[in-house]
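Novice: The structure under discussion is supplied below as structure tokens; questions concerning it will follow.
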């Protein structure tokens, strides 16, 4: 009986822990313009990549987050971008130095997939590391 209660308690703790990892923020487009990102790669604007905030990257070249994948959902936009409900898995390849903690910059390639090729704007996003 005690084992069962302990197992339920552990499942609850781990379930809450996983839920706490969920992030809400804003997303927008950025252009690499041939510049090498903080993860050491030079990518074309057509690449499907993301830049996350310095809160995660901590100003480090080759941060532990470089190459990690994030699953992003476009929750909608108040500035005209389309693609509400679209989801994309995208690797982190750069730092967004001016982003809020849970905001993400998307390359043109990623932006087009998330927004049905919308003009530059801002979208509301939900995201998690996968």
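We did not get these values from a lab; they are worked out from the coordinates using the rules stated. For clarity, every value in this text was computed on a predicted model and none was experimentally measured. Positions of Cβ are generated from backbone atoms using ideal geometry, with glycine treated the same way; all protein chains shown enter the neighbour counts.
Novice: Between residue 79 and residue 55, what length comes free when the chain is fully extended (0.36 nm per residue of separation minus the Cα-Cα distance, one decimal in nm)?
Specialist: Result: 6.1 nm gained on full extension.
Novice: So what is the diffusion coefficient of segment 23-129 in µm² per second by Stokes-Einstein at 37 °C and 0.692 mPa s, using a Kirkwood Rh over Cα pairs?
Specialist: 248 µm²/s
Novice: Would you list 86, 113 from fewest to most Cβ contacts within 10 Å?
Specialist: 86, 113
Novice: At what distance in angstrom do the alpha carbon centres of segment 26-85 and segment 104-130 lie from each other?
Specialist: Their Cα centres are 8 Å away from one another.
Novice: Restricting to segment 23-129, what percent of DSSP beta bridges are antiparallel, rounded to 5?
Specialist: 75 percent
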